[in-house]
1. Quick check on the chain: helices-only [θ] at 222 nm, where DSSP H runs of length 4 and up contribute -39,500 (n - 2.57) each and the sum goes over total residues. Nearest 500, please.
2. Quick check: the angle from helix 88-105's long axis to the longest principal axis of the chain, C-alpha only, nearest 10 degrees?
3. Enter the mean projected area of the convex hull around the alpha-carbon atoms of the chain, in nm², rounded to one decimal.
4. Please build a GNM for the chain, connecting alpha carbons under 10 Å apart, and tell me which residue among ILE63, ILE123, ILE108 fluctuates the most.
5. Select from the stretch 68-106 those trypsin sites (Lys or Arg not before Pro) which occupy a DSSP coil region and have at most 13 other Cβ atoms within 10 Å, ordered by residue number.
6. Just report the Cα centroid separation between the stretch 90-125 and the stretch 25-57, whole Å.
7. Quick one: with all protein chains in place, what share of the accessible area of the chain is carbon or sulfur, to the nearest percent (1.4 Å probe)?
8. Starting from the stretch 44-151, pick out the chymotrypsin sites (Phe, Trp or Tyr not before Pro) whose DSSP state is loop and whose Cβ has at most 16 other Cβ atoms within 10 Å.
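The values are calculated or read from the model by the stated rules, or taken from the named source; none is laboratory data. None of the values given here were measured: they were computed from a predicted structure. Heads up, the Cβs are rebuilt from the backbone with ideal geometry, glycines too, and the neighbour counts pull from every protein chain shown. Protein only, heavy atoms only, side chains kept; ligands, DNA and RNA dropped before computing areas. Shrake-Rupley method; radii C 1.70, N 1.55, O 1.52, S 1.80 Å.
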Amino acid sequence: MAVGVVAVGQHATGVIAIGGIATGFVAFGQVSTGVVAIGQLARGGIAVGQLAIGLAAIGQLAIGVAWVGGLGIGATRGFGVTLGLFPETAVNSARAHLRWRWNQLRGIPDDQPIVEPDPPWRIPAATLGTAALSIVWWFIAGRAMIEAVHG
């Protein structure tokens with residue numbers, strides 16, 4: 001058991017943890033849990049690994065609540081063979097609408113964007129899917145992060 005600000009060992013716990021089972025703010029290891037977790041089985045806020053679950057996740061098999069890259073599922077999709085629950089047209093329309101509102105607040109003349117409508121079931125289904133991903137993330141990663149902080 002290694003414990004400290006920078007912990008290196010089989011069971012490492014620290015702000016920066018490196019080891020087989022690493023828990024910390026930044027964790028590197030086969031089984032890593034942290035705000036930034038990198039390893040084969042990574043779980044946390046930003047997770048990178050072969051099997052990663054996080055709010056944002058990149059990996060061979062990844063579950064990202066908000067964003068995912070590699071091979072996996074998330075609310076919005078990144079690169080790779082990913083499934084974004086919210087369609088790209090909805091994300092781009094929301095981005096264009098926010099840009100238009102921001103320009104309007106700053107007094108910059110801009111045309112209101114034309115929104116491509118999605119099927120009426122798409123956004124509620126994506127919202128429910130993202131809620132399900134959030135619940136899965138909480139039970140796999142969120143509780144582990146809270147337990148790591150509180151000991």
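1. -9000 deg cm²/dmol
2. 70
3. Directional mean of the projected Cα hull area for the chain stands at 10.8 nm².
4. Fluctuation is largest for ILE108.
5. ARG106
6. When both Cα centres are located, 33 Å separates them.
7. Carbon-and-sulfur percentage of accessible area, whole number: 70.
8. When the chymotrypsin sites (Phe, Trp or Tyr not before Pro) of the stretch 44-151 are filtered for loop state and at most 16 Cβ neighbours within 10 Å, TRP121 remain.
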